[in-house]
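The next block holds one structure in the form of structure tokens; read it before the comments.
The values are calculated or read from the model by the stated rules, or taken from the named source; none is laboratory data. Remember, predicted model here, so these are calculated numbers, not experimental data. Quick reminder, even Gly has a Cβ in these numbers, built from the backbone with ideal geometry, and neighbours come from all protein chains shown.
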Amino acid sequence: MAGDELRQRFEMLEAEVLPLAESPAVGAIRRRGRRRQRTVRAAVLVPAVLVGALVARGVEDQQPRPWVGPVAPVPTTQPASVPPTSAVPPTTIEGPPTTPAAPSTTAAAAARVELRPDGLGVVGFGTGEREALDRLERRLGAPDERGAWRGATPFGTCPGPVRAVRWGRLYVLFTSGPTRYAAGGRWHLFTYQVDAVRRTAIDPDYNGPWPPPDPPPLRGVSPQTAAGIGFGSTLAELRRVYGRHLRVSYGEPAMAYQFRVDLGAAGELSGSLSGGTPSATITFLAAGAPCGE
Amino acid sequence: MAERDFDEFYAGNYGRLVVQVFAVTGNLADAEDAVQEAFARASVCWGRVGSYHSPEGWVRRVALNLAFTGLRRARRLVEVLSRAPAPPPVPPLPADSLALVAALKALPLGFRQVLALHYLADLPVERIAGELGIAVGTVKSRLARARQALARQLIDGEEEVTSGRR
């Protein structure tokens, strides 16, 4: 194919796409620019204040660990999910094959890993990282993955640097940034999410053909609420359990069916659904102070 | 005066830049988002950007960076998160143009960039080298290989259509 012919085809493409590219009013572009400028200024100011606060308190003892990838193979067989009722003993939870920590039989072990608006049952939001990990590893065994990020993360924009630990479908996130649960400078649990895919497999710098390959789906540990709601539960089940506390909407920011369970002072659960029909299922569930886009 | 300059610059370049970024990304919505954001950024620092030798090149470069990092990553994450159907990847276009877009999408990013800058932005190889931050020789060889690869893709696509019609 000659160069002239290619040029003609590009010229045709330009002529056909130009009418489709409707330009917003220049005023709207200017406003968008000013909005962004304000956001950038705030983004610069807030970390500066945080750094000042950190210096005043003494620097945190640990720096975020670099990404270390999977630390144990994901079990090929589905471990028993954390049961929805507290009557089931926690020893039914199975960890990966290399799990070093045996389930505790102490009184502390009687508490369950449970999706709650204020945490995970055995640990509440605001719990220090080490303590939270100790308790969770006692219940769930060694995690499948650990990672650490500053700035943009696979989870969106978070309140500060983030460390994430994953067991099966459960991502548990810690930050040293300020949240409603703790002041900045102390690594603490601030959110969890039960996810469909291995979010950490998404390459933020991907630059190849579009679309990129889908991240692998997650299996394994998949806790539920006390009422048995978790990944894969249906919208009908959500309605039956939470009734008037449940709100379902469609639209921004995910352009998908989303739900929110407002439990008043206890907090809220939120997530995404595969659709808007009663048989639609939960594809994502989170609580705490989730990271935003 | 500066405001009027920006308005004219925006009105005169928006459409062409969308087409150029579209040729690289293959997605019109992404291209429009990226170009609008790039113009928004230019508007707040127009005093500086407007004095550049090629403000258009600055906006194009910002738009391409955005299209391949921030905006696309955010959209991809949202799609993954929600499993919502993605917006149509290409607008309704005649078959020849759709074939060209599909062929471009099958090429590596570096090829798409040089083709868009050469055929749509009408830039000489020296300017392409400057915008992409690569050597002039690299631009020439990449352009030659990109042309060959694009022609091959277009011919393969036409053969597929022909054999499908039989």
_the stretch B:26-59, subset among the hydroxyl-bearing types (Ser, Thr, Tyr) and more than 7 Å from every other protein chain (Cβ to nearest Cβ), residue surrounded by the fewest Cβ atoms within 10 Å (Cβ to Cβ)_ = B:Ser51
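For residues that are farther than 30 Å from B:Pro92 by Cα and at the interface with chain A (Cβ under 9 Å from one of its Cβ atoms), scanning just the stretch B:1-25, find the one that is farthest from the chain's Cα centre (by Cα).
The first filter runs over the stretch B:1-25 and keeps only residues farther than 30 Å from B:Pro92 by Cα, leaving B:1-6.
Those left that are additionally at the interface with chain A (Cβ under 9 Å from one of its Cβ atoms): B:3, B:6.
Values: B:Glu3: 26, B:Phe6: 22 Å.
My answer is B:Glu3.
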*Would you check if B:Arg72 is under 17 Å from the mean Cα position of the chain (by Cα) and at pLDDT 90 or above?*
no
*Among the listed residues A:Thr179, A:Thr191, which satisfies the condition of being farther than 22 Å from A:Ser272 by Cα, among the β-branched types (Val, Ile, Thr) and either away from chain B (no Cβ under 12 Å) or part of a loop (DSSP other than H, G, I, E, B) (or both)?*
A:Thr179
*Got at least one residue in the stretch B:89-100 being at the interface with another protein chain (Cβ under 7 Å from one of its Cβ atoms), modelled with pLDDT of 90 or more and in a helix (DSSP H, G or I)?*
yes
